[in-house]
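**Q** Have a look at this one before I ask anything.
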Amino acid sequence: MNSLKISACGLLTLGSLAMSSAAQAMTFAAPSGLNPGEQFRYVFVTSTTGAATSRNISTYNTRVDDAADNSMGLSTFLTDTIGITNPGDLDWRVIASVEGTDAITNTSTDPSSVGVPIYRLDGDRVANNYVDLWDGGGIARPINIAEDSAERNVDVWTGTRIDGTSIGLIELGSSGAFSSFGVSGDIGFGWVFTSVRGSTQSQSLYGISPIITLPSAPAAEVPTPALLPGLIGMGVAAIRKRRLAQAEDA
């Protein structure tokens, strides 16, 4: 992080501060190619996994919402960079279908409405809009960035056709005990439908955010909690050094 400023008493400015290895590993980024005030949605693949035996879409919505809410790194990014005061209030939805509920309905991505662009958590665009997402022609980038910022190329429960509607008899929670899945590393229609597997198997899910508005100005960068003790110590040392120099000059 360059030109990191410590606001306490306005006494310390650090340039080119070396970050911890954990911070350097983060890939979260604001959407590329958007202007302040424009709207978008984020999408990710869960690092957590589970079965596809429930017939209730809320089960899967809760799973992706919990994955996002429990990621401290993602929550910090959404607050500090995207300007979302309470990231836990975001209603993340699963891109999946159960009997009676299509993915396009659950996620409010029905292509009858053009919608907004969709991005991965690293800022790369996945689809230009809802029509682009569900036209069956594939997506621009694989949805393989998880809520922990890691790249995960895994099988993902969807129960969904390439047009965003439920696949009868192999949707999630199917009475036949088999459900369809996609592959997070695929950019063809295989991202949403690749094959079928027993519903008791444990796999990831796709999560999508509600519509977010890009802030008019980047939020101020904030040091990670792990860095604060060291920064405070450096600030105190700098103050003591300056006072000592002043005393010697007096």
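The values are calculated or read from the model by the stated rules, or taken from the named source; none is laboratory data. Not measured: the values here are computed from a predicted model. Counting neighbours? That spans all protein chains shown, and the Cβs are built from the backbone with ideal geometry, glycine included.
**Q** I need every pair where a residue in the range 98-111 that is in contact (Cβ under 8 Å) with a residue 24 or more places away in the chain has its Cβ under 6 Å from the Cβ of a residue that is part of a loop (DSSP other than H, G, I, E, B) and among the hydroxyl-bearing types (Ser, Thr, Tyr), sequence separation at least 6 or different chains.
**A** The qualifying pairs are 102/165; 103/97.
**Q** Going by the structure shown, is residue 75 in contact with a helix residue (DSSP H, G or I) (Cβ under 6 Å, 6 or more places away or on another chain), crowded, with 17+ Cβ neighbours inside 10 Å, under 17 Å from residue 27 (Cβ atoms) and modelled with pLDDT of 95 or more?
**A** Yes.
**Q** May I pose another question? Given the range 173-218, what strands (runs of 3 or more DSSP E) lie entirely inside it while holding 2 or more residues that are closer than 17 Å to residue 46 by Cβ, touching a strand residue (DSSP E or B) at 6+ places or on another chain (Cβ under 9 Å) and of a type in the set (Gly, Ala, Ser)?
**A** 178-183
**Q** I would also like to ask the following. Which members of the range 122-143 meet the condition of being touching a Phe, Trp or Tyr at 6+ places or on another chain (Cβ under 9 Å), in a loop (DSSP other than H, G, I, E, B) and under 19 Å from residue 32 (Cβ atoms)?
**A** Result: 122, 123, 139, 141, 142, 143.
**Q** A follow-up question, please. Please work out which residue is surrounded by the most Cβ atoms within 10 Å (Cβ to Cβ), limiting yourself to the range 137-153 and to residues that are more than 16 Å from the chain's Cα centre (by Cα) and under 28 Å from residue 69 (Cβ atoms). Before you say what the answer is, go through the steps one by one.
**A** Restricting attention to the range 137-153, the residues satisfying the condition of being more than 16 Å from the chain's Cα centre (by Cα) are 137-140.
Pick out the ones that are also under 28 Å from residue 69 (Cβ atoms) and you get 139-140.
Working: 139: 23, 140: 16.
Out of the qualifying residues, it is 139.
**Q** Answer yes or no as to whether residue 134 is buried (at least 18 other Cβ atoms within 10 Å of the Cβ), at pLDDT 95 or above and touching a helix residue (DSSP H, G or I) at 6+ places or on another chain (Cβ under 8 Å). Please lay out each step first, then the result.
**A** On the way: buried (at least 18 other Cβ atoms within 10 Å of the Cβ): yes; at pLDDT 95 or above: yes; touching a helix residue (DSSP H, G or I) at 6+ places or on another chain (Cβ under 8 Å): yes.
Yes.
**Q** Considering only the range 83-113, state which residues are in contact with a strand residue (DSSP E or B) (Cβ under 9 Å, 6 or more places away or on another chain) and acidic (Asp, Glu).
**A** Matches in the range 83-113: 99, 102.
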